[in-house]
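The values are calculated or read from the model by the stated rules, or taken from the named source; none is laboratory data. The structure displayed is predicted, hence computed values, not measured ones. Quick reminder, even Gly has a Cβ in these numbers, built from the backbone with ideal geometry, and neighbours come from all protein chains shown. Protein only, heavy atoms only, side chains kept; ligands, DNA and RNA dropped before computing areas. Shrake-Rupley method; radii C 1.70, N 1.55, O 1.52, S 1.80 Å.
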Amino acid sequence: MSWNSDESGNAVASGGEVKHGGAVGSEKKGNAMWMEDNSGEGVQCWNFDITGGKGMWVGVGTQENFGSGYKLKGLMYGGPGNLSDGGALVTGHWGPKFGEGDTIGMRIEISGDRTTLAFSKNGVGLGVAYDISGWTGSPLRPVVSLDSADQSVFISSTAVCSLETMAPASGPPAGVAGSWQHDKEQKCQLSIEAEEAGQWRVGAKVGNSMSCIVTENSGVFSAGPVMSTMMMPPPELQALETSVEQLLSGITNIAREGDKLVVTAGDRSEKFCVAPGSTPATKDRVRWMNN
């Protein structure tokens, strides 16, 4: 068992660890594939211990779709918590971000023409990311993709785990971080991710995706500038989108009220409930599987 690094020299392997080689610029990506004999039918599980950096991608791919840069195609999870096929976004904000000190568990199950790929973070299930039916290609092997000099990952095979251990926890999260949905406007999704002590990234999705950094100091909350994609939302969503952007830019408090999240901006308060979990990506959303 060993890492097979691409020809770029940007992924440097030693034992079970692979590190970025330090390159910068447009050709900085480094990819590696974990080679072992028992790839194929059945269930296999691995842990990716993140030993340095953040924002890398982990997942599985085939040998014929492995290469440097964006030649790597696969079923990937990483970056800001997205799913990707190696060349295009599959699902945005599917799960939490991860970085140094985290352990990402991965479970693949292959039975005939069906493949499921599930992930966990630090022992907590995130659910099935990909549920692929109607595909019988080459064996899928673990891959990583790195693009920053501080990134490094250590892989280890683990005992076969049940799919139930990868299931996300039911019910609301313990704190304010998580995925939320407006009590009345179901088209308004809110995500909160802890950045560091007293600081969160608050994102919202209506027509555009918006986000800002919210800081708490001695019980006082303040929001930084709101960044947004620049697409024209459908006419029926324009007023809602403007309202949500105003809410984010004016945040003065974020708190839990039972199972609900309450976001306050001055004299305005909005309640959110736990958002339904993301559904697994299917074969039609993975471009290289349909070529």
## Note on the structure
About its Cα centre, segment 79-177 carries a charge dipole, from +1 on Lys and Arg Cβ atoms and -1 on Asp and Glu Cβ atoms, whose size in debye to the nearest 20 is 120
## Note on the structure
Longest principal axis of the chain (C-alpha) makes with the long axis of helix 235-249 (C-alpha) an angle, in degrees to the nearest 10, of 80
### Message
So I have (1) 6, 28, 36, 24, 6, 0; (2) 7, 32, 38, 21, 3, 0; (3) 6, 27, 31, 23, 12, 2, 0, and one of them is P(r) over Cα pairs in 10 Å bins from 0, in percent calculated from this model. Which one is it?
### Response
(3)
### Task
For segment 1-117, divide the Cα radius of gyration by the Kirkwood radius and give the resulting Rg/Rh value with two decimals.
0.94
### Dipole in debye (nearest 20) - segment 152-291, about Cα centre, beta carbon charges: Lys, Arg +1; Asp, Glu -1
380
### Task
Mind checking the full-extension length gain between GLU195 and THR215? Use 0.36 nm per residue of separation minus the Cα-Cα distance, one decimal, nm.
6.2 nm
#### Entry: Contact order relative to length of the chain, as percent, for alpha carbon pairs under 8 angstrom and 6 or more apart
17
### Message
I'd like the carbon and sulfur percentage of the solvent accessible area for segment 119-206, probe radius 1.4 Å, heavy atoms only, ligands and nucleic acids excluded.
### Response
52
### Task
At a temperature of 4 °C and a viscosity of 1.567 mPa s, determine how fast segment 88-181 diffuses translationally according to Stokes-Einstein, using the Kirkwood radius over alpha-carbon pairs as Rh; express D in µm²/s, rounded to the nearest whole number.
84
### Query
Once the whole set of protein chains is in place, how much accessible area is left on LEU75, using a 1.4 Å probe, in Å² to the nearest 10?
0
### Task
Mind checking which of GLY92, THR51, SER162 is farthest towards the positive end of the chain's charge dipole, using Cβ charges of +1 (Lys, Arg) and -1 (Asp, Glu) about the Cα centre?
GLY92
### Task
Set Lys and Arg Cβ to +1 and Asp and Glu Cβ to -1, take the dipole of the chain about its Cα centre, and tell me which of MET227, ILE104, VAL60 lies farthest positive.
MET227
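For the chain, what does -39500 (n - 2.57) per DSSP helix run (n ≥ 4), summed and divided by total residues, give at 222 nm, in deg cm²/dmol to the nearest 500?
-1500 deg cm²/dmol
Magnitude of the Cβ-charge dipole of the chain, K/R +1 and D/E -1, about the Cα centre, nearest 20 debye?
Magnitude of the dipole: close to 300 debye.
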#### Entry: Under 18 Å from the Cα of LYS73 - lysines, other chains or at least 8 residues apart
LYS28, LYS29, LYS283
### Message
So, taking all protein chains as they sit and a 1.4 Å probe, how much accessible area belongs to MET231, in Å² rounded to tens?
### Response
120
### Task
Just tell me which lysines come within less than 18 Å, Cα to Cα, of LYS187; anything on the same chain fewer than 8 places away is out.
LYS205, LYS260, LYS271
### Residue-level accessible surface for GLU41, protein heavy atoms, 1.4 Å, Å²
120
### Query
Once Rh is set to the Kirkwood radius over Cα pairs, what Stokes-Einstein translational diffusion coefficient, in µm²/s, holds for segment 180-291 at a temperature of 10 °C and a viscosity of 1.306 mPa s?
104
### Message
Could you give each residue of segment 134-147 its phi-based ³J(HN,Hα) in whole Hz, using Karplus coefficients 6.51, -1.76, 1.60 with θ = phi - 60°, and x for Gly or Pro?
### Response
x, 9, 9, x, 5, x, 8, 10, x, 9, 10, 10, 10, 9
### Query
In what sequence, largest accessible area first, do LYS121, LYS205 appear using a 1.4 Å probe?
LYS205, LYS121
### Summary
For GLY21, other-chain or 5+-apart residues with amide H closer than 5 Å (H placed, Pro excluded) are ALA11, VAL12
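Give the shape of segment 102-148 as rounded, prolate or oblate, defined through the alpha-carbon gyration tensor: a ≥ b ≥ c are the square roots of its eigenvalues, a/c under 1.5 means rounded, and otherwise the shape is prolate if a/b is larger than b/c and oblate if not.
Judged from the Cα gyration tensor, segment 102-148 comes out oblate (a/c at least 1.5, b/c at or above a/b).
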### Task
Work out from phi, with θ = phi - 60° and the Karplus expression 6.51 cos²θ - 1.76 cosθ + 1.60, the ³J(HN,Hα) of each residue of segment 58-75, listed in order in whole Hz, and give x for Gly and Pro.
10, x, 9, x, 9, 5, 6, 10, 9, x, 7, x, 8, 5, 5, 10, x, 10
